[in-house]
Amino acid sequence: MFHRLRQDIHSIIERDPAARNAWEVLTCYPGLQAIVMYRWAHWCWAHKMKWLGRFISYLARIVTGIEIHPGATIGRRVFIDHGFGVVIGETAEVGDDCTIYQGVTLGGTSLHTGAKRHPTLARGVIVGAGAKVLGGFTVGEYAKVGSNAVLLKPLPPGATAVGNPAHIVQKEPASATSATANLFSAYGVTPNGDDPLSKALHGLISHAVKQEEQIERILASMKAAGLHCQGVPECDKLNSDQLNKLVE
Ligand SMILES: CC(C)(COP(=O)(O)OP(=O)(O)OC[C@H]1O[C@@H](n2cnc3c(N)ncnc32)[C@H](O)[C@@H]1OP(=O)(O)O)[C@@H](O)C(=O)NCCC(=O)NCCS
């Protein structure tokens, strides 16, 4: 039990830039407290003390604002950050190293008792604040669900889904699920990810530079063939370095 607790605390310090030390995590992180209480509740549930399991889960909800059904399956080093308003349903499965932010629902869309009604999050999934993952499907390893997304369909490993209903915005290469890609990115933000607008502008600048070089080559060929044509004045030439700096 203490080994698991140590693992949980360590994983929170690793994943939350705001976490300063183990004491702070133990005393001020409702996500950790909810997971500890879930383990007691789950033990009762699995040992046929269902009411007690539900009652502990209810107490955990009062204390932490996080509701985890005692029948749910939660893996190791799962981090519920902030946590208020998180609801995890009875048949939900949360894999090792998943991160769940406040306001997330892992919910069901059917009323069939006994059936798998809630989602399965594979290892390392990040679910952004306020996202709803609804249904008995699987979210693949290291996938990301954007904040406030409403995910209604399975998500392949390494993919990122946003919006309502959620759609895939980027599917990382196969290597994304390999050990090297297991590094957690706080808040699900791609490390070193550039602003898409600035990426587009850099692309346009380098395209313009290539076009200018092409024009100069054409003018040189025309000159060599005896056809005289006025070139681009020096002052009108593109200063790509300066432009690239401006859109950085
Ligand atoms: C979804 C997420 C993981 C994507 O991060 P990323 O890989 O860095 O991707 P980008 O920021 O480059 O965004 C990719 C595209 O998705 C859009 N997008 C990102 N997050 C979005 C969201 N939550 N809802 C709708 N669209 C979103 C971007 O506008 C961009 O669209 P574009 O290509 O048309 O411009 C991240 O934005 C997110 O929501 N993380 C959760 C953070 C969170 O809950 N924090 C709580 C802290 S308390």
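The values are calculated or read from the model by the stated rules, or taken from the named source; none is laboratory data. Here the structure is a predicted model, which is why all the values come from computation and not from measurement. Cβ: placed from backbone, ideal geometry, glycine included. Neighbour counts: every protein chain shown. Heads up: the accessible areas ignore ligands, DNA and RNA and are worked out on the full protein's heavy atoms, side chains in. Shrake-Rupley method; radii C 1.70, N 1.55, O 1.52, S 1.80 Å.
For the stretch 56-69, check the following and say yes or no: at least one residue is open to solvent by 70 Å² or more (accessible area, probe 1.4 Å), in a helix (DSSP H, G or I) and of a type outside the set (A, V, I, L, M, F, W, C).
Taking every residue of the stretch 56-69 in turn, at least one turns out to be open to solvent by 70 Å² or more (accessible area, probe 1.4 Å), in a helix (DSSP H, G or I) and of a type outside the set (A, V, I, L, M, F, W, C).
I need a count of the residues in the stretch 15-30 that are surrounded by 18 or more Cβ atoms within 10 Å (Cβ to Cβ) and acidic (Asp, Glu).
Total meeting the criteria: 1.
Select from the stretch 56-86 the residues that are in contact with a Lys or Arg (Cβ under 7 Å, 6 or more places away or on another chain) and at positive phi and list them in ascending order.
Selection gives nothing.
Of everything in the stretch 158-172 that's in a loop (DSSP other than H, G, I, E, B) and open to solvent by 70 Å² or more (accessible area, probe 1.4 Å), which residue is farthest from the ligand (Cβ to nearest atom)? So that I can check it myself, show each step before the final result.
Keep residues of the stretch 158-172 that are in a loop (DSSP other than H, G, I, E, B), which gives 158, 163-166, 172.
Those left that are additionally open to solvent by 70 Å² or more (accessible area, probe 1.4 Å): 164-165.
Working: 164: 8, 165: 12 Å.
If we take residues in the stretch 158-172 being in a loop (DSSP other than H, G, I, E, B) and open to solvent by 70 Å² or more (accessible area, probe 1.4 Å), then 165 is farthest from the ligand (Cβ to nearest atom).
Restricting attention to the stretch 102-118, which residues are open to solvent by 20 Å² or more (accessible area, probe 1.4 Å), within 16 Å of the ligand (Cβ to nearest atom) and touching a strand residue (DSSP E or B) at 6+ places or on another chain (Cβ under 6 Å)?
If the condition is that a residue be open to solvent by 20 Å² or more (accessible area, probe 1.4 Å), within 16 Å of the ligand (Cβ to nearest atom) and touching a strand residue (DSSP E or B) at 6+ places or on another chain (Cβ under 6 Å), then 105 is the only one that fits.
I need every pair where a residue in the stretch 130-151 that is in the same structural domain as residue 109 (by TED's automatic domain parsing) and within 10 Å of the ligand (Cβ to nearest atom) has its Cβ under 7 Å from the Cβ of a residue that is at pLDDT below 95 and open to solvent by 10 Å² or more (accessible area, probe 1.4 Å), sequence separation at least 6 or different chains.
Here the result reads 144/188, each pair linking the stretch 130-151 to a residue that is at pLDDT below 95 and open to solvent by 10 Å² or more (accessible area, probe 1.4 Å).
State yes or no: is residue 7 within 16 Å of the ligand (Cβ to nearest atom) and over 26 Å from residue 115 (Cα atoms)? Steps first, please.
On the way: within 16 Å of the ligand (Cβ to nearest atom): no; over 26 Å from residue 115 (Cα atoms): yes.
Spelling it out, it is not the case that residue 7 is within 16 Å of the ligand (Cβ to nearest atom) and over 26 Å from residue 115 (Cα atoms).
Is it the case that some residue within the stretch 119-126 is near the ligand (Cβ under 9 Å from one of its atoms), open to solvent by less than 40 Å² (accessible area, probe 1.4 Å) and not hydroxyl-bearing (Ser, Thr, Tyr)? Lay out the reasoning, then the answer.
Initially, the stretch 119-126 is screened for residues near the ligand (Cβ under 9 Å from one of its atoms), giving 126.
Filter again for open to solvent by less than 40 Å² (accessible area, probe 1.4 Å), leaving 126.
Narrowing further to those that are not hydroxyl-bearing (Ser, Thr, Tyr): 126.
Taking every residue of the stretch 119-126 in turn, at least one turns out to be near the ligand (Cβ under 9 Å from one of its atoms), open to solvent by less than 40 Å² (accessible area, probe 1.4 Å) and not hydroxyl-bearing (Ser, Thr, Tyr).
Taking the stretch 113-134, which residues are among the aliphatic types (A, V, I, L, M) and outside any strand (DSSP E or B)? Step through it out loud before you land on a result.
Residues of the stretch 113-134 among the aliphatic types (A, V, I, L, M): 115, 121-122, 125-127, 129, 131, 133-134.
Matches in the stretch 113-134: 115, 122, 125, 129, 131.
When residues of the stretch 234-248 are filtered for being of a type outside the set (Asp, Glu) and open to solvent by 70 Å² or more (accessible area, probe 1.4 Å), how many remain? Step through it out loud before you land on a result.
To start, the set of residues in the stretch 234-248 that are of a type outside the set (Asp, Glu) comprises 235, 237-240, 242-247.
With open to solvent by 70 Å² or more (accessible area, probe 1.4 Å) added as a condition, the list becomes 235, 239, 242, 245-246.
Residues meeting the conditions: 5.
What pairs come out if I take residues in the stretch 60-88 that are assigned by TED's automatic domain parsing to the domain that holds residue 141 and more than 18 Å from residue 133 (Cα to Cα) and pair them with residues that are of a type in the set (Lys, Arg) and at pLDDT below 95 whose C-beta lies under 7 Å away, six or more apart or interchain?
Every condition considered, the pairs that remain are 76/4.
Quick grid of which residues meet (1) under 22 Å from residue 120 (Cβ atoms); (2) assigned to a helix (DSSP H, G or I); (3) of a type outside the set (Asp, Glu); (4) open to solvent by 30 Å² or more (accessible area, probe 1.4 Å):
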site: 8; (1), (2), (3), (4): yes, yes, no, no
site: 13; (1), (2), (3), (4): no, yes, yes, yes
site: 32; (1), (2), (3), (4): no, yes, yes, no
site: 71; (1), (2), (3), (4): yes, no, yes, no
site: 82; (1), (2), (3), (4): no, no, yes, yes
